[in-house]
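Just below is one structure, and these are the notes that go with it.
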Amino acid sequence: MCGIFGSLGAFDDAAKDPLSIIRRRGPDSSGEWCDKENNVFLGHRRLSILDLSPAGNQPMVSEDGRYIMVYNGEIYNYQELRLELEAAGRSFLGHSDSEVLLKLFEQQGTAAFEKLNGIFAVAFWDRDQRVLTLARDAVGVKPLYYSEVSDGVAFASEMKVLIRGGFVNPSINPRAVLHHLSYLYSPGRETIVNEVQKLVPGEYIQYKDGQKVNQAIFFDPIVPPSTKQEISVEKAVVSVRDALETAIGRQLISDVPLGAFLSGGLDSSSIAAFASRIHNGPGKLECFSIDISEQIGAEGLVDDLPYARSVAKHLDVNLNVIKAEGNMIDRLGEMIYFLDEPTADFAALNTLYIAELARSKGIKVLLSGSGGDDIFTGYRRHFALMQERYWSWLPKTGRSILSSAAKALPSSPPISRRVGKAFQYADLNVDERLASYFLWLDPEEALGLLSPELRAGLSDDDVSAPMLKSLEGLPGGHSPLERMLYLEGKHFLADHNLNYADKMGMAASVEIRVPLLDRDLINTVLSLPDDFKQRGGTGKWIFKKAMEGILPDDIIYRKKTGFGVPLREWLKGPLKSQVASLLSDENIKRQGLFDPAAVQQLIAANDAGKVDASYTIFAVLCLQIWCDQFIDGNFAID
């Protein structure tokens with residue numbers, strides 16, 4: 001796992017050293033390659049995981065000197081691919097997956113990408129054809145940002161390189177601000193910076209002579225099959241269990257110490273169970289968890305640590321625990337800096353704490369349970385969607401009555417808030433309702449918070465547009481649950497969960513792998529009927545059946561809990577001074593994103609208990625902090 005940067009026609013020797021900005025992604029070595037005649041620069045920061053020798057260093061050049069590659073990621077099937085290449089007469093200097101990837105691209109070009117089972121962001125420069133190829137893995141585990149300039153393109157693993165390196169003069173993208181308020185992230189290609197975009201999962205882009213000449217999706221692994229597999233429960237259990245074990249075993253490849261997250265939930269516990277069986281390193285598998293007992297308040301948060309300790313004892317693994325101290329809030333600025341994007345989710349800091357603990361113990365690789373809820377089901381919205389069959393048949397007038405009644409419900413207690421959210425958009429059509437399940441804030445309310453200048457030209461239709469566009473690209477005939485899970489993978493997973501996991505892990509120089517998103521496992525799960533995933537009120541039904549006899553039932557069937565903090569209490573206590581300072585009328589006017597009167601009215605209503613606007617206020621706060629750093633230059637990290 002590493003950090004990459006490069007440019008075609010955009011590099012300036014006077015710019016700040018871009019590789020130093022992402023030094024945390026690759027503390028083990030640094031490399032550069034430059035072709036001044038074509039104004040091409042490729043740079044790499046290495047976190048050595050496979051083949052620790054100089055043979056694995058990058059930029060990596062093909063034997064004939066034609067291709068130069070910089071790559072960030074892991075190819076889990078690289079050994080099989082290497083055998084194929086060797087059978088075709090190719091020889092190797094080392095045993096890294098990087099060398100396999102370079103030779104595969106040299107042989108097959110962009111067709112190579114579909115063969116990869118792994119996580120990657122990669123760039124190739126073809127000296128003969130003068131073509132730059134950029135690509136991102138099919139699930140979107142590894143990020144890749146790019147900015148097109150008048151005479152070429154600059155790209156990097158992190159957006160901060162393009163901004164701090166002087167390759168873009170950032171201006172605010174109003175649609176992305178609206179998205180960060182509505183979803184807490186920006187779905188799809190757009191970022192909060194007008195001048196910077198993301199490659200979407202499974203995409204490659206090519207530039208020749210400074211101009212884009214090709215842009216395509218090479219593979220989309222989360223498209224459901226047109227027909228479902230007819231299979232018994234017994235056979236499905238075996239199929240899922242085998243696919244889990246294969247995926248986890250495949251991702252244990254490493255020449256450095258490896259560990260795993262362990263929260264005591266089904267996903268992380270299942271990974272730890274199989275990994276501890278297969279793990280062939282010295283001693284027991286090292287697992288990591290966080291103690292949030294000091295943060296437990298009146299918001300329904302559950303302390304996972306007792307469950308994690310129970311699983312660790314059951315599996316006979318070592319459990320390392322980091323305590324979440326009260327100074328978490330003091331690291332909010334760091335969190336926003338590391339994230340690149342103003343994601344308003346304190347769960348990212350929990351991930352950073354665990355990654356830092358792992359690194360202090362000499363662990364460079366962590367296995368994460370991310371993705372289980374997104375492919376097997378597991379979120380409340382999946383259950384809510386399945387309940388639509390009891391009312392979605394109503395004519396629009398009836399659904400409008402449901403919607404109006406839902407909007408009139410109080411925001412407290414939590415059950416009232418959840419019921420209100422379930423029916424708030426009952427009057428919308430099917431795809432619009434699917435998109436609405438991902439909202440944290442009503443689009444009209446989000447628009448009302450924006451400054452008149454930022455709001456000009458926007459409408460609430462802009463909020464759901466990326467989601468609806470993704471659904472338009474999905475072939476017909478799929479169930480509402482399949483369509484929702486498609487949105488989970490394309491957006492909530494790729495644009496939110498995977499983004500913060502990568503950034504927080506890399507901030508501690510730790511690679512985070514996601515075995516539950518192995519492409520073969522995804523394919524196995526997609527082939528199963530809906531009721532094997534969500535059965536009544538039980539999400540991940542087939543996953544849970546598959547883990548019976550391997551994990552204790554009280555772990556398999558425990559109620560799902562979030563990886564969060566008592567944000568509502570914090571806003572009234574330790575975060576109150578930051579809210580007062582950063583969201584003052586003066587500061588809001590200076591940044592120009594929000595309407596000061598609307599923000600103050602929202603804060604007052606939240607303080608009075610008239611509304612529950614905690615996450616909205618926190619989203620506004622994170623956007624203000626982001627602007628202070630990335631627009632005004634007051635970075636939290638040098």
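The values are calculated or read from the model by the stated rules, or taken from the named source; none is laboratory data. Being a predicted model, the structure only gives us computed values, none of them experimental. Quick reminder, even Gly has a Cβ in these numbers, built from the backbone with ideal geometry, and neighbours come from all protein chains shown. Accessible surface areas use protein heavy atoms only, side chains included; no ligands, DNA or RNA. Shrake-Rupley method; radii C 1.70, N 1.55, O 1.52, S 1.80 Å.
Pop the C-beta distance of Y390 and V238 into the FRET formula with R0 = 45 Å and round what comes out to the nearest 0.05.
FRET efficiency, Y390 to V238: 0.85.
Using a cut-off of 18 Å between alpha-carbon atoms, which lysines can reach K235, once sequence neighbours fewer than 8 places away in the same chain are excluded?
Partners within reach: K533, K540, K544, K545.
Taking a probe of 1.4 Å, how large is the accessible area per residue of region 169-244, in Å²?
Dividing the accessible area of region 169-244 by its residue count gives 40 Å².
Computing the accessible area with a 1.4 Å probe over protein heavy atoms, can you report the carbon and sulfur percentage for region 312-423?
57 percent
Can you compute the charge dipole magnitude of the chain about its Cα centre, using +1 on each Lys and Arg Cβ and -1 on each Asp and Glu Cβ, nothing else charged? Give it in debye, rounded to the nearest 20.
Rounded to the nearest 20 debye, it is 1320 debye.
Step by step: find N for the chain, compute 2.2 N^0.38 Å, then divide the Cα radius of gyration by it. What's the final number?
0.94
Restricting the count to DSSP beta bridges whose residues both fall in the chain, what percent are antiparallel, rounded to a multiple of 5?
75 percent
Please give the per residue accessible area of region 341-450, computed with a probe of 1.4 Å over protein heavy atoms only, in Å².
Roughly 41 Å² per residue, with all protein chains present.
When ranked by the protection proxy of mean other Cβ atoms within 10 Å per residue, highest first, what sequence do the peptides 385-397, 28-40, 419-431 form?
Order by mean packing, descending: 419-431, 28-40, 385-397.
Residues in region 525-566, backbone N under 16 Å from the label point at E84 (7 Å along the Cα-to-beta-carbon vector): list them, ranges by number please.
Answer for this model: none.
Over region 346-467, how many percent of alpha carbon pairs lie in each 5 Å bin up to the one with the longest distance?
Over region 346-467, the share of Cα pairs per 5 Å bin runs 2, 9, 14, 16, 16, 14, 11, 9, 6, 4, 1, 1, 0 percent.
Calculate, in nm to one decimal, what K559 and V419 gain on full extension: separation in residues at 0.36 nm each, minus their alpha carbon distance.
Full extension of this stretch gives 48.5 nm more.
Which three semi-axes in whole Å describe the equivalent ellipsoid of region 239-384, each the square root of 5 times a Cα gyration tensor eigenvalue, listed largest first?
Equivalent-ellipsoid dimensions as semi-axes: 25, 19, 16 Å.
Grab the beta carbon distance between R590 and I401, set R0 = 41 Å, and tell me the FRET efficiency rounded to 0.05. Don't skip to the answer; put the middle values down first.
Working: r = 45 Å, r/R0 = 1.09.
Efficiency, from the Cβ-Cβ distance: 0.40.
Rounded to two decimals, what is the ratio between the C-alpha radius of gyration of region 527-631 and 2.2 N^0.38 Å?
On the way: Rg = 21.1 Å, N = 105, 2.2 N^0.38 = 12.9 Å.
Against the empirical 2.2 N^0.38 Å value, I get 1.64 for region 527-631.
Using a 7 Å offset from the Cα along the Cα-to-Cβ direction at both D151 and D638, what is the distance between the two label points in nm, to one decimal?
3.4 nm
From the phi angles alone, apply the Karplus equation (6.51, -1.76, 1.60; θ = phi - 60°) to region 350-356 and give each ³J(HN,Hα) in whole Hz, x where the residue is Gly or Pro.
Residue by residue, region 350-356 yields 4, 5, 4, 4, 5, 4, 5 Hz.
Using all alpha carbons of region 37-81, what is the percent of pairwise distances in each 5 Å bin, ordered from the shortest bin to the longest?
5, 16, 24, 28, 17, 6, 4, 1
Each residue of region 135-151 in order: what ³J(HN,Hα) in whole Hz does its phi give by Karplus 6.51 cos²θ - 1.76 cosθ + 1.60, θ = phi - 60°, with x for Gly and Pro?
Once θ is set to phi - 60°, the couplings for region 135-151 become 8, 10, 4, 5, 8, x, 5, 9, x, 8, 9, 8, 9, 8, 10, 4, 10 Hz.
In square nanometres, what is the average projected area of the Cα convex hull of region 48-153? Intermediate results must be reported in sequence, preceding the final value.
Values: hull surface 27.9 nm².
Approximately 7.0 nm², given one-decimal rounding.
What is the ratio of the Cα radius of gyration of region 84-213 to 2.2 N^0.38 Å, with N the residue count, to two decimals?
On the way: Rg = 16.8 Å, N = 130, 2.2 N^0.38 = 14.0 Å.
Rounded to two decimals, the normalised Rg is 1.20.
Which Cα, out of G333, G609, S157, lies furthest along the positive dipole direction of the chain (beta carbon charges, K/R +1, D/E -1)?
Positive-most Cα among the choices belongs to G609.
To the nearest 20 debye, what is the magnitude of the charge dipole of region 490-638 about its Cα centre, counting +1 on the Cβ of each Lys and Arg and -1 on the Cβ of each Asp and Glu?
Using only the charged Cβ atoms, the result is roughly 500 debye.
How big is the dipole moment of region 533-590 about its Cα centre under a simple scheme where the beta carbon of each Lys and Arg is +1, that of each Asp and Glu is -1, and everything else is neutral? Debye, nearest 20, please.
260 debye
Can you give me the accessible area per residue for region 496-638, using a 1.4 Å probe, in Å²?
Result: 36 Å² per residue.
Counting only protein heavy atoms and a 1.4 Å probe, tell me what percentage of region 524-592's accessible area is made up of carbon and sulfur.
Using a 1.4 Å probe with all protein chains present, region 524-592 comes out at 51 percent carbon and sulfur.
What is the mean projected area of the alpha carbon convex hull for region 216-298, to one decimal in square nanometres?
Taking a quarter of the hull surface, the average projection is 10.7 nm².
What's the local net charge at I172, with K and R +1, D and E -1, over the other residues with C-beta under 14 Å away?
Residues close to I172 contribute a combined charge of -3.
Could you list which residues have their amide H under 5 Å from that of G259, counting only those 5 or more apart in sequence or on another chain, with H placed in the peptide plane?
Those qualifying (amide H under 5 Å, at least 5 residues apart or on another chain) are V365, L366, L367.
Just order 511-520, 238-247, 276-285 by mean Cβ neighbour count inside 10 Å, highest at the front, would you?
Numbers: 511-520: 24.8, 238-247: 18.9, 276-285: 13.6.
The most tightly packed comes first, giving 511-520, 238-247, 276-285.
Give me the lysines in straight-line cross-link reach of K576: C-alpha distance below 29 Å, same-chain residues under 8 apart excluded.
K160, K323, K407, K421, K503, K589, K610
Just how much of E84 is accessible, in Å², when a 1.4 Å probe is used and the result is rounded to the nearest 10?
My reading of the accessible area for E84 is about 100 Å².
Compute the Rg/Rh shape ratio of region 490-587: radius of gyration over Kirkwood radius, all on alpha-carbon atoms.
1.11
Let me make sure I get this right: for region 406-461, a, b and c are the square roots of the gyration tensor eigenvalues over alpha carbons, sorted descending. Under 1.5 in a/c it's rounded, otherwise prolate if a/b > b/c, else oblate. Which is it? Each step should come with its number before you reach the end.
Values: a/c = 3.00, a/b = 1.52, b/c = 1.97.
Oblate, since a/c reaches 1.5 and b/c is not below a/b.
Could you calculate the contour length gain from D255 to N169, that is, 0.36 nm times the residue separation minus the distance between their Cα atoms, to one decimal place in nm? All intermediate terms of the calculation are to be shown ahead of the outcome.
On the way: separation 86, 0.36 × 86 = 30.96 nm, distance 4.05 nm.
Gain on extension, D255 to N169, equals 26.9 nm.
So if I take the centroid of the Cα atoms in region 205-276 and the same for region 94-135, what is the distance between those two points in Å?
After rounding, the separation between the Cα centres reads 21 Å.
Considering only protein heavy atoms and a 1.4 Å probe, what is the carbon-and-sulfur percentage of the accessible area of region 113-227?
Carbon and sulfur: 42 percent of the exposed surface of region 113-227.
Using a basic spin-label model with each label point 7 Å from the Cα along Cα→Cβ, how many nm lie between L93 and K313?
5.3 nm
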